[in-house]
Structures are given as C-alpha cells and as structure tokens.
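Notes follow once the structure below has been shown.
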Amino acid sequence: MEARMENFSTWIDYSNDLGHKDEIEKLLIAAGFSILNYMEHPFEPQGFTAIWLLAESHCAVHTFPEERKTYVELTSCNVAMYAKFIQLFHQKYHEIH
C-alpha cells in the first residue's frame, strides 16, 4: 500500500450541531468508511466538535454558531471511499443551500 493521504476540508454557511453530526455520520457510512470510535464535545455557551476515528483515517466537524459556520474535514487513505464521501457531501449540502 502506498503511503498516501487524501484531504478534504470545507466550510458550511450555517451551524447545526446535532444535525451536522447525524448527516456527516450517514455520509461516512454510505461512502463505506469503517467507524472505529466517535467523540464529541459541546462548548459553553455554544459550539460543538465531533471526531470520527475511521479505519481509513479520520473526520472532524467544528461548529461556530456565533458566525453561523461549520468546518468539515476528512482525511483518508482510501481514495474510492474518499471520492464517494465528497460526491455524497456535495449532493447533500447542495440540496440544503
């Protein structure tokens, strides 16, 4: 196996802590990723960080409700799953906007 990592990162122009968590997890599963572990942390008074440890690397979501923004990042060594996630992500978040 070649030592190679693909990285996708983007901003979403709104913030919905639990909604993003659920949607991103559905996209990861639909793309074929194996979720090994999940961790989340809500911030006071607002904001949220979620991290999925994947057999194929990791994914993170950070919300900034005060600015109505969310940052999403996926790093993966599996090119096919990575490409599928990006395709599904754009389909899902294009529908929302």
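Which count do you get for residues in the range 7-18 that are closer than 15 Å to L88 by Cβ and surrounded by 14 or more Cβ atoms within 10 Å (Cβ to Cβ)?
Residues meeting the conditions: 2.
How many of the residues in the range 27-57 are closer than 12 Å to F85 by Cβ and either of a type in the set (D, E) or in contact with an Asp or Glu (Cβ under 9 Å, 6 or more places away or on another chain) (or both)?
Here the count works out to 5.
Here are some conditions: (1) at pLDDT 95 or above; (2) in contact with a helix residue (DSSP H, G or I) (Cβ under 8 Å, 6 or more places away or on another chain). S57 meets all but one. Which one does it not meet?
Every condition holds for S57 apart from (2).
Of all residues in the range 53-77, count the ones that are without any contact (Cβ under 8 Å) to a residue 24 or more places away in the chain, within 17 Å of F33 (Cβ to Cβ) and surrounded by 15 or more Cβ atoms within 10 Å (Cβ to Cβ).
Number of matching residues: 2.
May I ask you to verify whether Q87 is surrounded by fewer than 16 Cβ atoms within 10 Å (Cβ to Cβ), assigned to a helix (DSSP H, G or I) and not hydroxyl-bearing (S, T, Y)?
Spelling it out, Q87 is indeed surrounded by fewer than 16 Cβ atoms within 10 Å (Cβ to Cβ), assigned to a helix (DSSP H, G or I) and not hydroxyl-bearing (S, T, Y).
Return the residue satisfying two criteria in turn: it lies in the range 1-28 and is within 19 Å of T49 (Cα to Cα) and of a type in the set (A, V, I, L, M, F, W, C), and of such residues it is modelled with the lowest pLDDT.
It comes out as L18.
Among A30, A80, which is the only one that is touching a helix residue (DSSP H, G or I) at 6+ places or on another chain (Cβ under 6 Å), in contact (Cβ under 8 Å) with a residue 40 or more places away in the chain and small (G, A, S)?
A30
In the range 64-97, what residues are within 11 Å of the chain's Cα centre (by Cα) and polar (S, T, N, Q)?
T70, T75
Give the residue that is modelled with the highest pLDDT, with candidates limited to residues of the range 68-84 that are of a type in the set (D, E, K, R) and in a strand (DSSP E or B).
E73
What number of residues within the range 8-27 satisfy the criterion of being touching a residue at least 60 places away in the same chain (Cβ under 8 Å) and of a type in the set (D, E)?
Qualifying residue count, the range 8-27: 2.
Within the range 30-52, restricting attention to residues that are surrounded by fewer than 18 Cβ atoms within 10 Å (Cβ to Cβ) and under 11 Å from the mean Cα position of the chain (by Cα), which residue is modelled with the highest pLDDT?
Step by step, filter the range 30-52, then rank; the result is I51.
The values are calculated or read from the model by the stated rules, or taken from the named source; none is laboratory data. Given the structure is predicted, the values throughout are model-derived calculations rather than measurements. For neighbour counting, all protein chains shown are included, and Cβ atoms are generated from backbone atoms with ideal geometry for every residue, glycine included.
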